[in-house]
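See structure below.
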Amino acid sequence: MINKEIKSYFPILNQEINGHPLVYLDSAATSQKPVQVIEALKSYYELDNANVHRGVHTLGNRATEHYEGAREKVRKFINANSMEEIIFLRGTTTAMNLVAQSYGRANVQEGDEIVITYMEHHSNIIPWQQLAKERGAILKYVELEKDGTISLEQVRAVVTERTKIVSMVYVSNVLGTMNPVKEVAQIAHENGAVMVVDGAQAAPHLKIDVQQLDCDFFAFSGHKMCGPTGIGVLYGKKELLNNMEPVEFGGEMIDFVGLYDSTWKELPWKFEGGTPIIAGAVGLGAAIDFLNEIGLNEIEKHEHQMAAYAMEKMNLIEGLDIYGPTDPQKRAGIVTFNLNDVHPHDVATVLDMSGIAVRAGHHCAQPLMKWLEVSATARASFYLYNNESDVDRLVEGLRSAKEYFNDVF
Amino acid sequence: MSSNNLDQLYRRVIMDHYKTPRNKGALENNSVNIEMNNPTCGDRIQLTLQVEDGIVKDAKFDGEGCSISMASASMMTQAVKGQEVDTALKLSGIFSDMMLGKEYDDSIDLGDIEALQGVSQFPARIKCATLAWKAMEKGVQNEEKS
């Protein structure tokens, strides 16, 4: 249940910034961590820390159980078919690079196409740019509708039989748009392409079912969903992962090592070279327990409400433009905006002086900024610990910013 | 709101440069043409300089960014125009010290630039203020090499 008490689980939120109680509205960049996750990390390091999959000793077994236990939690969380399909990596960026460098290099030939959209994060653009350059392939973009949504007609017009990979963000980190990735996956499959989903902004906020979406790859990061930094997940369909080569070689991922040749471990470990991110996985497991206890459906509902309330209040501020879908049901709790005549950096500084944390800049989405015809924007992003009074503080801060800069001019 | 603190950052002279930038535009007859951006926030400056016999004869800038970055660019062009290249670089060093909150050489009259001193109290904004100066330094150094 989401109620007033939820804030008390997040110790960091209980502090003053520049003389005002902190209002944290930058969860799309990284979320805050509840005591449950902090305690899980502390307890792991205080009681169970050891390397995994090797020691005969008791601590080694405990650490392995924790690590593989977290994998099972992730499997259930996204409803994957098997634990072999869950690869622990550093984050969404690493996951995208793995797909591009392993699946991409093996399957994309000269003249083939890779399709992405104008609303991608740099982590879902550059790995494909590099792959396209290396293979002599063509990178194509799906244009956006005026309200910052994707139409399936556009997707059908861009995806062809030469398309090998379609990669798309589930929830935009700038516009908040929730994209029809299930339907796009179907179009990709009809054309013989695989569907890659950037789930970094989706996994924290809505129930994910990779089998129902029928995507081939799904990537997300732990730190945006109450987990620690440095842990992320790549889901891939087993038959695809089985045929893919690792991109990192070394300890942990090998089966037999000879002088001139080696063989790899089974899935998922062949993609987890080196000592794995054990504590990170433990923390992510605790974050999943925490989110499940509250309920992903509840969280999604809360975010639609927050977006609706924020948009309603912010729209009353004269000269404030909000980007992306106007229908709050079509967007997650992300509201990107500009206050005219005041640069977003200046807005963010003024808000910070009132204890309100928002992001300002291009949000790692320069092609999207170009499409919006702006050089930068400000972004308020909400999560389960935010409430209407946080929005009221934001709106009050924005009014002060406007007044302050009007006075200065 | 702590508007006293904000007033330390947004001095009137800064807002004046932001609103009415000096030396805005591009020099056609330039010996230095350099573009620099701040990849984390999207601030961008294009700086053109006319350097002759070791003297910055003229300077213009174009670009987009926050009040601090644009005001600083305006002030920078004003400060280096007519100066010897060595003096311009010296000013840049002084400005850098000022931003880092270090003791700086006050034997040279800094004029409007002094108003930016408050930026040093806002660590996240220092890179906004130094962008134009970095462009000038790099541009002048490239010119000397060629």
Just need a number here: residues in segment B:17-41 that are away from chain A (no Cβ under 14 Å) and without any contact (Cβ under 8 Å) to a residue 40 or more places away in the chain. 6
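Going by the conditions given, is A:S400 at the interface with chain B (Cβ under 9 Å from one of its Cβ atoms), in a helix (DSSP H, G or I) and either crowded, with 24+ Cβ neighbours inside 10 Å or not acidic (D, E) (or both)? Break it down into steps so the answer makes sense when it comes.
Details: at the interface with chain B (Cβ under 9 Å from one of its Cβ atoms): yes; in a helix (DSSP H, G or I): yes; either crowded, with 24+ Cβ neighbours inside 10 Å or not acidic (D, E) (or both): yes.
Spelling it out, A:S400 is indeed at the interface with chain B (Cβ under 9 Å from one of its Cβ atoms), in a helix (DSSP H, G or I) and either crowded, with 24+ Cβ neighbours inside 10 Å or not acidic (D, E) (or both).
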Run A:V391 past the list (1) crowded, with 19+ Cβ neighbours inside 10 Å; (2) within 11 Å of chain B (Cβ to nearest Cβ); (3) not in a loop (DSSP other than H, G, I, E, B) and report the number of the one that doesn't hold. (2)
Go through (1) surrounded by fewer than 24 Cβ atoms within 10 Å (Cβ to Cβ); (2) touching a residue at least 12 places away in the same chain (Cβ under 8 Å) for A:A157 and report which single condition fails. (2)
Taking A:E298 and the conditions (1) in contact (Cβ under 8 Å) with a residue 40 or more places away in the chain; (2) surrounded by 18 or more Cβ atoms within 10 Å (Cβ to Cβ); (3) assigned to a helix (DSSP H, G or I), which numbered condition does it fall short on, given that it satisfies the others? (2)
Counted residues, segment A:256-282 - those being touching a Lys or Arg at 6+ places or on another chain (Cβ under 9 Å) and over 26 Å from A:D216 (Cα atoms): 0
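The rows are residues; the columns are (1) aliphatic (A, V, I, L, M); (2) touching a helix residue (DSSP H, G or I) at 6+ places or on another chain (Cβ under 9 Å); (3) farther than 20 Å from A:S27 by Cα.
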{"residue": "A:P246", "(1), (2), (3)": "no, yes, yes"}
{"residue": "A:I254", "(1), (2), (3)": "yes, yes, yes"}
{"residue": "A:G280", "(1), (2), (3)": "no, yes, no"}
{"residue": "A:A310", "(1), (2), (3)": "yes, yes, no"}
{"residue": "A:N315", "(1), (2), (3)": "no, no, yes"}
{"residue": "A:L320", "(1), (2), (3)": "yes, yes, yes"}
{"residue": "A:A332", "(1), (2), (3)": "yes, yes, no"}
Can you tell which of A:L213, A:L175, A:L206 is over 24 Å from A:S82 (Cα atoms) and either under 19 Å from the mean Cα position of the chain (by Cα) or at pLDDT 95 or above (or both)? A:L175
Filter result (in a helix (DSSP H, G or I), more than 12 Å from chain B (Cβ to nearest Cβ) and not aromatic (F, W, Y)) within segment A:327-379: A:P328, A:Q329, A:K330, A:P367
Can you tell me which of A:E39, A:E85 is touching a residue at least 60 places away in the same chain (Cβ under 8 Å), within 27 Å of A:W128 (Cα to Cα) and among the charged types (D, E, K, R)? A:E85
Restricting segment B:44-77 to residues that are of a type in the set (D, E, K, R) and touching a Leu at 6+ places or on another chain (Cβ under 9 Å), the residue that is farthest from the other protein chains (Cβ to nearest Cβ): B:K57
Strands (runs of 3 or more DSSP E) wholly inside segment A:223-279 that include at least 1 residues being in contact (Cβ under 8 Å) with a residue 12 or more places away in the chain and not basic (K, R): A:232-236, A:262-264
Say whether the condition of being farther than 16 Å from B:K138 by Cα, surrounded by 19 or more Cβ atoms within 10 Å (Cβ to Cβ) and not basic (K, R) is met by at least one residue in segment B:22-33. yes
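The values are calculated or read from the model by the stated rules, or taken from the named source; none is laboratory data. The structure displayed is predicted, hence computed values, not measured ones. FYI the Cβ positions are ideal-geometry reconstructions off the backbone, even for glycines, and counts take in every protein chain you see.
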